[in-house]
Each structure stands twice: as C-alpha cells, then as structure tokens.
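Scroll down for the structure; my scribbles are underneath it.
The values are calculated or read from the model by the stated rules, or taken from the named source; none is laboratory data. Keep in mind that what you see is a predicted model, and the values were worked out from it rather than measured. For neighbour counting, all protein chains shown are included, and Cβ atoms are generated from backbone atoms with ideal geometry for every residue, glycine included.
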Amino acid sequence: MAEQASRPRRLPPGSRLVLATHNPGKLRELRRLFEPFGVELIGAGELGLPAPAETGASLEENAALKALAAARATGLPALADDSGFFVAALGGAPGVKSADWAMLPDGRRDYRAAMARIAREAAGNPDRRAAFRCVLALAWPDGHVDVHPGEVVGSWVHPPRGEGGFGYDPMFIPAHSGLTFGEMTPAEKSADDHRSRAFAALAAAALG
Ligand code: ITT
C-alpha cells in the first residue's frame, strides 16, 4: 500500500544521519539536541557536500531542498535547517533573507553590520517585536521529506548584547527572558528557542 504523504517517517535507532548545514552555529546546536538519541550524525562539511542554492520562497521550501539534495547525494537520510530572523517593523525582513543580509562581497558574513542595518531601518518605528523561526526538514534518498517548524517570539535591541550563540542572537530577547540569546549559555538558549521547538516536533514524529 502506498505510504500516506502526511504520515511522518521514523528514523530507526542506530541510523546514520547527514546534517546538511554549513553553518557551524547550527551544527553545534543540532548536535547538542541529538545527543540523547542514538543517531550517528555526519556533518555535510566532512562529506564535502556543496551548499545548494536556496531558491525557495519560504523556510519550508529551502529546508526541504537542502535536505533532499544531501540525501540524494549521500544515499543517507539527511536533516537540513532553514531559519531566519523576522522583524515586525520591517514587514518580516530579513526573514528568509537573513543570511543574505550578513553577506559580504567576498563571501564572508558580517552579522554586526546586519544587526546595525536592522536597527537603522526599524529606528523610526516603536514596534520592537521580532521572532526567530526555524524549519527542520528530514529527507530520504527516495524523495520522502517531512518538515517541522518552530518559532520563538520576543523583541529586538541594539546595540547587540553578549558574545554567545551566533548570527542575530545578540540582538534578540525572547519574551520568556530578560537576556538576549547572545547573553545566554548554550543550554539556556536551547532550553526554549525556535530550533529546539522544531526539534521537539521532529523528535516526537521521527525519533525514539
Ligand atoms: P545552511 O544553509 O548551510 O544551513 P545558513 O547560515 O546559510 O546555513 P540559512 O540560509 O537558514 O542558513 O540562514 C539563516 C540565517 O539566520 C543565518 O544568517 C543565521 O545566522 C540566522 N540564524 C538562524 N538561526 C539563528 C539563531 O538560532 N540565532 C541567530 N541567528 C540565526
């Protein structure tokens, strides 16, 4: 019988899983989230996998295309993360373009400059609401893919605070805390953020 498209596929204990991200901050956090589960994680960098062009219009589309590309290239199940920082006063920007906002002409990323741009462009608007969103996609070489979203809401501050985390963390204060993600320890951030929320949905559907 054909598998129902809506039913998530489980990852058996002892599986090898490719983590299809080239972002060291995400890699660190995802490894930490997977630690309690018996899954062997292989970084895309270790396998020399290229980063596919992120041509999707949504986090879901980009997460799925990254995970599928890695699953097809390796013959193993693969997990991708597409995420972004959404600022209400900017109509949701930088959103899916969060990585692009930090990109320098030489390919390096400057998040201090991206955070300053947000503060500059949103300065005239008293609405300080912001959110991080993450979509985790788990894909198999046969083309099956499941996506799991997670979100954390809060507000932005500038200048940035704290040296922890990565990307836009130093300018975001989640509603459940007085600290920016940049001021938190890895355990404090991961206790309740967009990535751990998406991971909780994935774990419930695919692990254990
Ligand atoms: P991969 O595609 O290789 O996974 P990437 O960095 O290009 O890595 P995205 O396209 O998903 O990833 O871009 C996400 C952007 O949002 C990127 O600039 C991140 O630094 C930022 N971001 C995502 N999650 C974040 C988090 O938890 N804290 C701070 N910034 C985050």
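Do we have Ala198 as within 21 Å of Ala64 (Cβ to Cβ) and either in contact with a helix residue (DSSP H, G or I) (Cβ under 8 Å, 6 or more places away or on another chain) or free of Cβ contacts under 8 Å to residues at least 12 places away in the same chain (or both) here? Show your work before the answer.
Details: within 21 Å of Ala64 (Cβ to Cβ): yes; either in contact with a helix residue (DSSP H, G or I) (Cβ under 8 Å, 6 or more places away or on another chain) or free of Cβ contacts under 8 Å to residues at least 12 places away in the same chain (or both): no.
Taking the combined requirement at face value, the residue does not satisfy it.
Tally the residues that are in contact with a helix residue (DSSP H, G or I) (Cβ under 9 Å, 6 or more places away or on another chain) and closer than 12 Å to Thr21 by Cα, restricting the search to segment 64-90. Can you show your working first?
We begin by selecting, within segment 64-90, every residue in contact with a helix residue (DSSP H, G or I) (Cβ under 9 Å, 6 or more places away or on another chain); these are 76-90.
Still in the list and also closer than 12 Å to Thr21 by Cα: 78-83.
Residues in segment 64-90 being in contact with a helix residue (DSSP H, G or I) (Cβ under 9 Å, 6 or more places away or on another chain) and closer than 12 Å to Thr21 by Cα: 6 in total.
Could you tell me which of the residues Glu183, Glu188 is free of Cβ contacts under 8 Å to residues at least 12 places away in the same chain, under 26 Å from Asp110 (Cβ atoms) and not small (Gly, Ala, Ser)? Show your work before the answer.
Working: Glu183 fails: free of Cβ contacts under 8 Å to residues at least 12 places away in the same chain.
Residue meeting the stated conditions: Glu188.
Give segment 14-43 a look and list any residue that's more than 10 Å from the ligand (Cβ to nearest atom) and outside any strand (DSSP E or B), or say none. Spell out how you get there, then give the answer.
Start the filter on segment 14-43 by keeping residues that are more than 10 Å from the ligand (Cβ to nearest atom), which leaves 14-18, 28, 31-43.
Listed by number, the residues that qualify are Gly14, Ser15, Arg28, Arg31, Arg32, Leu33, Phe34, Glu35, Pro36, Phe37, Gly38, Val39.
Would you be able to say whether some residue in segment 192-208 is more than 12 Å from the chain's Cα centre (by Cα) and either at positive phi or within 10 Å of the ligand (Cβ to nearest atom) (or both)? Break it down stepwise before answering.
Residues of segment 192-208 more than 12 Å from the chain's Cα centre (by Cα): 192, 200-208.
Adding the requirement that they be either at positive phi or within 10 Å of the ligand (Cβ to nearest atom) (or both) leaves 208.
So far as segment 192-208 goes, yes, one or more of its residues are more than 12 Å from the chain's Cα centre (by Cα) and either at positive phi or within 10 Å of the ligand (Cβ to nearest atom) (or both).
For the structure I just gave you, tell me whether Leu59 is surrounded by 23 or more Cβ atoms within 10 Å (Cβ to Cβ), in contact with a Lys or Arg (Cβ under 9 Å, 6 or more places away or on another chain), within 30 Å of Ala123 (Cα to Cα) and at pLDDT 95 or above. It would help to see each step written out before you state the result.
On the way: surrounded by 23 or more Cβ atoms within 10 Å (Cβ to Cβ): yes; in contact with a Lys or Arg (Cβ under 9 Å, 6 or more places away or on another chain): yes; within 30 Å of Ala123 (Cα to Cα): yes; at pLDDT 95 or above: yes.
Yes.
Does segment 98-144 hold any residues that are in a helix (DSSP H, G or I), within 11 Å of the ligand (Cβ to nearest atom) and not aromatic (Phe, Trp, Tyr), and which are they? Give the derivation first.
So in segment 98-144, the residues in a helix (DSSP H, G or I) come out as 98-101, 111-122.
Right, trim to within 11 Å of the ligand (Cβ to nearest atom) and you get 98-101, 111, 114-115.
Residues satisfying the conditions are Ser98, Ala99, Asp100, Ala114, Met115.
Take the residues in segment 145-165 that are of a type in the set (D, E, K, R) and assigned to a strand (DSSP E or B); name whichever of them is farthest from the chain's Cα centre (by Cα).
In the first step, residues of segment 145-165 are kept if they are of a type in the set (D, E, K, R); the result is 146, 151, 161, 163.
Filter again for assigned to a strand (DSSP E or B), leaving 146, 151.
Details: Asp146: 15, Glu151: 10 Å.
Taking the candidates together, the pick is Asp146.
Do you know which of the residues in segment 117-132 that are buried (at least 19 other Cβ atoms within 10 Å of the Cβ) and touching a residue at least 40 places away in the same chain (Cβ under 8 Å) is nearest to Ala88 (Cα to Cα)? Explain how you work it out, then say what you get.
Of segment 117-132, the ones buried (at least 19 other Cβ atoms within 10 Å of the Cβ) are 118, 122, 130-132.
With the extra rule that they be touching a residue at least 40 places away in the same chain (Cβ under 8 Å), the set shrinks to 118, 130-132.
On the way: Ile118: 11, Ala130: 6, Ala131: 8, Phe132: 11 Å.
Filtering segment 117-132 for residues that are buried (at least 19 other Cβ atoms within 10 Å of the Cβ) and touching a residue at least 40 places away in the same chain (Cβ under 8 Å), the one nearest to Ala88 (Cα to Cα) comes out as Ala130.
Answer yes or no: is there a residue in segment 157-166 that is touching a residue at least 40 places away in the same chain (Cβ under 8 Å) and farther than 19 Å from Ala89 by Cβ.
yes
Going through segment 9-24 one residue at a time, which ones are touching a helix residue (DSSP H, G or I) at 6+ places or on another chain (Cβ under 6 Å) and either free of Cβ contacts under 8 Å to residues at least 60 places away in the same chain or more than 17 Å from Arg72 (Cα to Cα) (or both)?
Hit for segment 9-24 is Arg10, nothing else.
If you go through segment 44-95, how many residues are part of a loop (DSSP other than H, G, I, E, B) and near the ligand (Cβ under 8 Å from one of its atoms)?
To start, the set of residues in segment 44-95 that are part of a loop (DSSP other than H, G, I, E, B) comprises 44-58, 75-77, 91-93.
Okay, now just the ones that are also near the ligand (Cβ under 8 Å from one of its atoms), so 44, 51, 54.
Summing the residues that are part of a loop (DSSP other than H, G, I, E, B) and near the ligand (Cβ under 8 Å from one of its atoms) in segment 44-95 gives 3.
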